[in-house]
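Each remark here refers to the structure printed beneath this line.
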Amino acid sequence: MTDNTVFENKTAAYYTLGCKLNFAETSSIGKLLEEQGVRRVQNGEKADICVVNTCSVTELADKKCRQAIRRIGKQHPGAFMIVTGCYAQLKAEEVSHIEGVDLVLGAEQKPHILSYLNNLDKAQTGAVVTSPTKDIHTFSPSCSSDDRTRHFLKVQDGCDYYCSYCTIPFARGRSRNGSIADMVAQAREVVSKGGKEIVLTGVNIGDFGKTTGETFIDLIRALDRVEGIARYRISSIEPDLVTPEIITFVAASRRFAPHFHLPLQSGSDEVLKLMRRKYDTALFRYRVEMIKEMIPGAFIGADVIVGTRGETDELFGETRRFIEQADITQLHVFSYSERPGTQALKIPHSVDPKTRHDRSRQLADISEAKHRAFYDRHIGRPAGVLFEHTRKGSHMYGFTENYIRVETPYSAGLANNVSRVILSGWNADRTALTCKHLPNP
C-alpha cells in the first residue's frame, strides 16, 4: 500500500527515450503520479522525482540511455530517480549501478509504479524489481499526446516473432492487448479533450487480439465509428499482417489515413531467412502494389536494417535493387547492432562498421530521392492538412492525410483543425510544401 503523504508538494520530471509506445507509457505514469498530487516540474525547477523510460533496440540506444540517466542526475541533484523501460528490463543490474539511480522497474512493474514508491529516500545503490520475461503478462492502457493535436494510443504490447537480431520479445514479453471496448473508450476520451488524430501504437500491432480473441481489422472498424476523430494512422505493421482485408478497409475508410509503415528490414530473401522474418520479398512487393493500386496517393514508409550478419556485398546489392524498384515513399535506415542473447550472433559472416555505415548512406540517399519525388508529384493537388499548435518563427506546420508536411504563415485559428488547401512548391529550406488555402465549404 502506497503512503500518499510521500507525494505531498512533490514535483516530477519525465524523460522518454525510444519509440512512441514509450511516450504513451510515460504519459500514463505521469497521470498516475498527478492523481497523487505530484506536479510536473516547470522549466528551471529542480524535480523531486525523475522517471526515465528507456530503450534498448540497439547498442547505441543503451549508450544514449546511460548518458541520459547521468545527465538527468546532474540536472536534478537529490531527486529520486526511477528507471524503467526496455534497457531497465534487459540490463537491470547494470542500470542500478549508474550513479543517481534509486529504483529500477521492469516491464511487468512499470504500470504499478505507485506500489514501489513507499518512500523517496535516496539509495546508495538502486533497488531492482523485475520479472523474468515469461512472467510479463500485464497490458497497461496508455495514451499520450504531442501537442494536443496528435495522440498515440497503445493497443498492443509484446511480440511473439523472435526475429534473430531482436531483443524486444525479451524486454517486453509475449504479445498481449487491451479489448476493443477499452480502445474505443480511450478514443472517445481523446475526443472529449479536443484531439483530432490518433496514431495506433504497439510492438506488433497487427497481432492485436491474442489475449481477447479479437482481431486488428475488428479494432479499426470499431475505431472508425467513433465520431469526432478526424484521422487515425496505423503505425508500423508487419507485411504478413497488413492483410488485403485491412488495405481494402483503409481504402474505403472515413477516417483511416492513406499512410502505411511496413518493416521490410531487407530486400534479400536469403537475409530475411537469416533474420527469421515471416515473409519474403514477393509478399512485401505484393502488399505495396496492392496499396498503390487501391490508394495511389498513399504514403508507404519502410524500415531497413543494413549490415546484419550474413549480409554479403551481393546480398546488400539485392536489397538496394529491390528498394530502388519498389514504390516506397521513405525509408528508416538502421545499421545492425549486435545484441547479447540473440540468435543472429551464431551467423558467421560479420559486416565491419565502415561497411555498415556506407550501406546506410547509400539507402539514405535513395530514400531522400524517393521522398522528394513523392512530394513533387503532389504539388498542385488538393489536400486536407491538420495543422499543429506548435510554431517555428512566423510559420506553423501540419500534415496531409498521406503524411506530407505543409508550412503556412502562423494563424492560431488553424491549429487543431483540418484545412482544405492546394499544395504549392517547396518552402525555403525544402523541409515542407507550402500551400494555398481554399474557402471552407
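The values are calculated or read from the model by the stated rules, or taken from the named source; none is laboratory data. The structure presented is a predicted model; accordingly, all values stated were derived computationally and were not measured. Neighbour counts are summed over all protein chains in view; Cβ atoms, including those assigned to glycine, are modelled from backbone coordinates with ideal geometry.
Which numbered condition in (1) in contact with a Ser or Thr (Cβ under 6 Å, 6 or more places away or on another chain); (2) in a loop (DSSP other than H, G, I, E, B); (3) not aromatic (Phe, Trp, Tyr) is the only one that Cys65 fails? Against the list (1) in contact with a Ser or Thr (Cβ under 6 Å, 6 or more places away or on another chain); (2) in a loop (DSSP other than H, G, I, E, B); (3) not aromatic (Phe, Trp, Tyr), Cys65 comes up short only on (2).
Looking at the range 327-348, which of its residues are in a helix (DSSP H, G or I) and charged (D, E, K, R)?
Taking the range 327-348 and keeping what is in a helix (DSSP H, G or I), we get 343-346.
Result: Lys346, single match.
Suppose the filter is touching a residue at least 40 places away in the same chain (Cβ under 8 Å), small (Gly, Ala, Ser) and not assigned by TED's automatic domain parsing to the domain that holds Ile234; does Gly126 pass it? So Gly126 fits the description; yes.
Val351 passes every criterion in (1) at pLDDT 95 or above; (2) closer than 26 Å to Ile300 by Cα; (3) β-branched (Val, Ile, Thr); (4) not in a helix (DSSP H, G or I) apart from (2). Within the range 412-424, if we keep just the residues that are modelled with pLDDT under 95 and of a type outside the set (A, V, I, L, M), the residue that is farthest from Glu197 (Cα to Cα) turns out to be Gly413.
What number of residues within the range 423-441 satisfy the criterion of being surrounded by 15 or more Cβ atoms within 10 Å (Cβ to Cβ) and either farther than 16 Å from Gly398 by Cβ or touching a residue at least 40 places away in the same chain (Cβ under 8 Å) (or both)? Don't jump to the end; show me each part of the working.
From the range 423-441, those surrounded by 15 or more Cβ atoms within 10 Å (Cβ to Cβ) are 423-424, 426-427, 432-435; that's our starting set.
Still in the list and also either farther than 16 Å from Gly398 by Cβ or touching a residue at least 40 places away in the same chain (Cβ under 8 Å) (or both): 423-424, 426, 433, 435.
Result for the range 423-441: 5.
Being among the acidic types (Asp, Glu) and either under 16 Å from Cys19 (Cα atoms) or assigned by TED's automatic domain parsing to the domain that holds Ala107 (or both) is the filter here, so list the residues in the range 152-191 that pass it. Matches in the range 152-191: Asp157 only. Taken over the range 373-391, the criterion of being exposed (fewer than 14 other Cβ atoms within 10 Å of the Cβ), in contact (Cβ under 8 Å) with a residue 12 or more places away in the chain and outside any strand (DSSP E or B) is satisfied by Gly380, Arg381. Condition test on Arg188, is it of a type in the set (Lys, Arg), within 14 Å of the chain's Cα centre (by Cα) and under 30 Å from Ala415 (Cα atoms)? No: the conditions fail for Arg188. Among the residues of the range 36-48, at least one is surrounded by fewer than 18 Cβ atoms within 10 Å (Cβ to Cβ) and part of a strand (DSSP E or B). Within the range 221-236, the set of residues being part of a loop (DSSP other than H, G, I, E, B) and either in contact with a Gly (Cβ under 9 Å, 6 or more places away or on another chain) or touching a residue at least 60 places away in the same chain (Cβ under 8 Å) (or both) comprises Gly228, Ile229, Ala230, Ser235, Ser236. Checking Val128, Val104 one by one, the residue that is in a strand (DSSP E or B), hydrophobic (A, V, I, L, M, F, W, C), modelled with pLDDT under 95 and in contact with a strand residue (DSSP E or B) (Cβ under 8 Å, 6 or more places away or on another chain) is Val128 and no other. Is it fair to say Glu99 is over 30 Å from Asp182 (Cα atoms) and assigned to a helix (DSSP H, G or I)? For Glu99, the condition - over 30 Å from Asp182 (Cα atoms) and assigned to a helix (DSSP H, G or I) - is not met. Do the conditions hold for Phe216, that is, is it closer than 30 Å to Leu274 by Cβ, touching a Ser or Thr at 6+ places or on another chain (Cβ under 8 Å) and among the aromatic types (Phe, Trp, Tyr)? Answer is no for this residue.
Which count do you get for residues in the range 108-125 that are assigned to a helix (DSSP H, G or I), touching a helix residue (DSSP H, G or I) at 6+ places or on another chain (Cβ under 8 Å) and surrounded by fewer than 18 Cβ atoms within 10 Å (Cβ to Cβ)? Number of matching residues: 1.
Yes/no per residue for (1) on the phi < 0 side of the Ramachandran plot; (2) polar (S, T, N, Q):
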site	(1), (2)
Gln265	no, yes
Arg277	yes, no
Ala282	yes, no
Glu289	yes, no
Pro296	yes, no
Thr312	yes, yes
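Of all residues in the range 8-31, those that are free of Cβ contacts under 8 Å to residues at least 24 places away in the same chain have Cβ atoms under 6 Å from Cβ atoms of residues that are crowded, with 18+ Cβ neighbours inside 10 Å and assigned to a strand (DSSP E or B), 6 or more apart or on another chain, in Gly30/Tyr14.
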